[in-house]
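Here is the structure we will look at.
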Amino acid sequence: MGEKEFGELKTVDFVDLERFMGDWYVIANIPTFIEKGAVNAVESYELDSRGRINTTFTFRKGSSTGPEKKYNPTGFIYNDKTNAEWRMQFLWPFKAPFLIIDLDDDYSYTVIGIPSRKYVWIMARDHVLDQNIYDNIISKLEKVGYDVSQIQKIEHNWD
């Protein structure tokens, strides 16, 4: 089941950038190579004066006492009508699509996808997400063509 069968991955209608900024706990993902074995993963967004999104992605490698890893990609708003399509730059000059495909009305959880459906991030404002909400997100991701068997929950140990 590829992108051709399901068509374009749709973003949410609108993102209030001010409300979207701040810390998001990564609840589950299809990990990129740098995220494999991530524990206590948090993505933080901050809007700068030029309209770019300064991003800080931190996690522990392997366990909650493992070495801390930190990455600082920059987000660029690609669709300023919705604010739901960004380009994320980890390494100049390459920018990867970053699509906000699900967002709770109260901004308590969000889902970030990419057009190829190779990666996805389920994130929440708290390090615990209600199981019913999680199951509903997984169901929606399956319907839009994601291989949900690839999605892995991220371990969070904050005590």
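Bear in mind that the values in this text are calculations on the coordinates, not laboratory data. Computed from a predicted structure; not experimentally measured. FYI the Cβ positions are ideal-geometry reconstructions off the backbone, even for glycines, and counts take in every protein chain you see.
If amide H atoms are built 1.01 Å from N in the plane of the peptide, which residues on other chains or at least 5 residues away come under 5 Å of the amide H of residue 156?
Amide H to amide H, under 5 Å and 5 or more residues apart or across chains, residue 156 pairs with 40.
With N set to the residue count of region 3-153, report its C-alpha Rg divided by 2.2 N^0.38 Å to two decimal places.
0.99
Select from 79, 132, 29 the residue whose mean-square fluctuation is largest in a Gaussian network model of the chain (Cα-Cα springs shorter than 10 Å).
Among 79, 132, 29, the largest GNM mean-square fluctuation belongs to 132.
Per DSSP H run of at least 4 residues, take -39500 (n - 2.57); add these up for the chain, divide by its residues and hand me the 222 nm value, nearest 500 deg cm²/dmol.
It lands at -3500 deg cm²/dmol.
Per the Cauchy relation, a quarter of the hull surface: what is the mean projected area of the convex hull of the alpha carbons in region 1-73, in nm²?
Directional mean of the projected Cα hull area for region 1-73 stands at 6.8 nm².
For a quick check: with amide H placed at 1.01 Å from N, whose amide H comes under 5 Å from residue 126's, ignoring anything fewer than 5 positions away on the same chain?
Those lying under 5 Å, H to H, from residue 126 are 25.
Relative contact order, percent, of region 3-153 when contacts are C-alpha pairs under 8 Å separated by at least 6 residues?
After rounding, I find 26 percent.
In region 3-153, with Lys and Arg counted as +1 and Asp and Glu as -1 at Cβ, which of these residues, 89, 9, 145, has the Cα nearest the positive end of the dipole, that is, farthest along it?
Most positive-ward Cα: 89.
Give me a comma-separated list of calculated 3J(HN,Hα) values for region 55-61, in order, Karplus coefficients 6.51, -1.76, 1.60 applied at θ = phi - 60°, integers in Hz, x for any Gly or Pro.
10, 10, 10, 10, 6, 9, 8
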